[in-house]
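Q: First the structure, which I've put down as structure tokens, then a few questions once you've had a look.
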Amino acid sequence: MPPNKKKRPKKGKQKNRSINLKQQVNQFFQDRHPILKFLLGFIGCMVLFYLFYYSSLYKNYLEVPFLEMQARISNVFLMLLGHDTVVSNAIISSNQFSVNIKNGCDGLEAIAIFVSGILIFPASMKLKLRGILWGGITLFILNLFRIAGLYLIGLYFSPTVFEIMHVQGGFIIFTMISVILLFVWINWVSKKSQQ
Amino acid sequence: MQSIAKAALKYFGFFILLYGAMTLVSLIPSVGAACNTVYRTPTESILQALFSKAYLQLKEVEDNPNIIRAEFASKEIVKQQTEDARLSGKTKASIQGKDFEISFYNLFLSFYLFLVALILLSPLTKKEKAVGLFVGMVLYYLYTVFKMYLALLSHFNEPEIAIYHTGSGTLNVAQSILFFMTLGTNVLVVLVIWAWLVFRKNNWKDMLISTTYRFRNAK
């Protein structure tokens, strides 16, 4: 029965392979168990943020004043640089170019990512509050520079460059800043707890 | 704190360089068009399978690799118009299709490059990076296909198109999910995929430290 003799080890190998694969998958999830827990908490916080961000409370009462405030402060930066710009509602404009600050350009999503990470991370409330305060203020100020920068890019470069900087610079790079700030905070907290 | 901040700034600098370089390369029309084609081909087949009542084609707009144009028509209407043409002795039927455009960069490419930069800059072995890039691409791709599916489903239910007549409850859920799937959510999905693929029980503390310190220590 030579064929059977040949088949047996093959079956054994296949069985071993499937066991290995199963073990690898189990190992993958076991290795990531605390991370998954952290991510679920993080996603939960972000869901709460989005529910608030798109709620009628925020839309009707908070969004417009918040965007207007950002437009006014960003305009101060532009005026300090010598630009003759004016603000009307949430629009910064001059004779040559204008930017309309809308929902999504306010930097709140990046701030929410930073704050959610801090809230879920196991640390004392005092350290969390300090992180939220410093990080939140830093991100808020950076977003004002971003808005002013977008006006300048729109003024001096083509609409294509503006669009790229709007999405890449706006969402991706700005979010990356909030992630790095979160890492800096976690490192700082770890050092503090070691001390 | 100063040393952490300095290392973080360095990490950010490397991220900007890598992500900026990849973005610039992706903006070369031939590269963008190739990425667009690679994305469209499987997506078209998946969406055609999901929307059996519609003739659906995903096309590239000439000289603009950023755009994917979804052209569609109801199979029922096409059949009816073909039949009408045949009965009136015409050899060809003129069928009016509809279309809508999707920004390929905002949907997929920019955010996938973000994921690539994150994984490449993570302190992992080459094999782990390769696995992360592949699994990450599949997961993010499926997310974008789901987003396109919801957008098309919503579109196909509009009264003037009416290829599908989905129940109002299901349609409301689909439209609500779609409403939340913004550019901000794309970034969030990328971050979650990255963290899930890269961080582990035994490495996450080291990972955080090495992410902010690696370039300083590499010297």
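The values are calculated or read from the model by the stated rules, or taken from the named source; none is laboratory data. This is a predicted model, so every value here is computed, not measured. As a convention, Cβ positions derive from the backbone with ideal geometry for all residues, glycine included, and neighbour counts pool all protein chains shown.
Q: May I ask you to list pairs of residues, at least six apart or on different chains, whose Cβ atoms are under 8 Å apart, with the first in region A:85-113 being basic (Lys, Arg) and the second being not in a strand (DSSP E or B)?
A: A:102/A:67; A:102/A:90
Q: Sort through A:6, A:59 and tell me the only one that's at pLDDT below 95 and away from chain B (no Cβ under 14 Å).
A: Criteria check complete, one pass: A:6.
Q: What is the number of the single condition among (1) out of contact with any Cys (no Cβ under 8 Å at 6 or more places or on another chain); (2) modelled with pLDDT of 85 or more; (3) of a type outside the set (D, E, K, R) that residue B:77 does not meet?
A: (2)
Q: Any residue at all in region B:7-26 that's more than 14 Å from every other protein chain (Cβ to nearest Cβ) and either more than 25 Å from residue A:184 (Cβ to Cβ) or surrounded by fewer than 18 Cβ atoms within 10 Å (Cβ to Cβ) (or both)?
A: no
Residue-by-condition table, conditions (1) out of contact with any Leu (no Cβ under 7 Å at 6 or more places or on another chain); (2) within 14 Å of chain B (Cβ to nearest Cβ); (3) modelled with pLDDT of 95 or more:
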position: A:27; (1), (2), (3): yes, yes, no
position: A:34; (1), (2), (3): yes, yes, no
position: A:84; (1), (2), (3): yes, no, no
position: A:133; (1), (2), (3): yes, no, yes
position: A:137; (1), (2), (3): yes, no, yes
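Q: Could you tell me whether region B:76-83 includes any residue that is in contact with a strand residue (DSSP E or B) (Cβ under 7 Å, 6 or more places away or on another chain) and crowded, with 17+ Cβ neighbours inside 10 Å? Outline the logic, then answer.
A: Kept after step one, since they are in contact with a strand residue (DSSP E or B) (Cβ under 7 Å, 6 or more places away or on another chain), are these residues of region B:76-83: B:78.
When the remaining residues are screened for being crowded, with 17+ Cβ neighbours inside 10 Å, the result is none.
No, every residue in region B:76-83 fails to be in contact with a strand residue (DSSP E or B) (Cβ under 7 Å, 6 or more places away or on another chain) and crowded, with 17+ Cβ neighbours inside 10 Å.
Q: Please count how many residues of region B:24-51 are in contact (Cβ under 8 Å) with a residue 12 or more places away in the chain and either charged (D, E, K, R) or within 20 Å of residue B:77 (Cβ to Cβ) (or both).
A: 5
Q: Please state which of the following conditions residue B:103 fails to meet, knowing it meets all the rest: (1) more than 12 Å from the chain's Cα centre (by Cα); (2) free of Cβ contacts under 8 Å to residues at least 40 places away in the same chain; (3) surrounded by 15 or more Cβ atoms within 10 Å (Cβ to Cβ).
A: Result: residue B:103 passes all but (1).
Q: Answer yes or no as to whether residue A:150 is farther than 23 Å from residue A:44 by Cα, in contact (Cβ under 8 Å) with a residue 40 or more places away in the chain, of a type outside the set (D, E, K, R) and out of contact with any helix residue (DSSP H, G or I) (no Cβ under 8 Å at 6 or more places or on another chain).
A: For residue A:150, the condition - farther than 23 Å from residue A:44 by Cα, in contact (Cβ under 8 Å) with a residue 40 or more places away in the chain, of a type outside the set (D, E, K, R) and out of contact with any helix residue (DSSP H, G or I) (no Cβ under 8 Å at 6 or more places or on another chain) - is not met.
Q: Can you tell me which residue in region B:27-44 is farthest from residue B:149 (Cα to Cα), limited to those that are of a type in the set (A, V, I, L, M), more than 8 Å from chain A (Cβ to nearest Cβ) and surrounded by 13 or more Cβ atoms within 10 Å (Cβ to Cβ)?
A: That would be B:31.
Q: What do you reckon, is residue B:164 surrounded by fewer than 18 Cβ atoms within 10 Å (Cβ to Cβ), away from chain A (no Cβ under 14 Å) and more than 22 Å from the chain's Cα centre (by Cα)? If you could, list the steps in order and put the result at the bottom.
A: Working: surrounded by fewer than 18 Cβ atoms within 10 Å (Cβ to Cβ): yes; away from chain A (no Cβ under 14 Å): yes; more than 22 Å from the chain's Cα centre (by Cα): yes.
Answer is yes for this residue.
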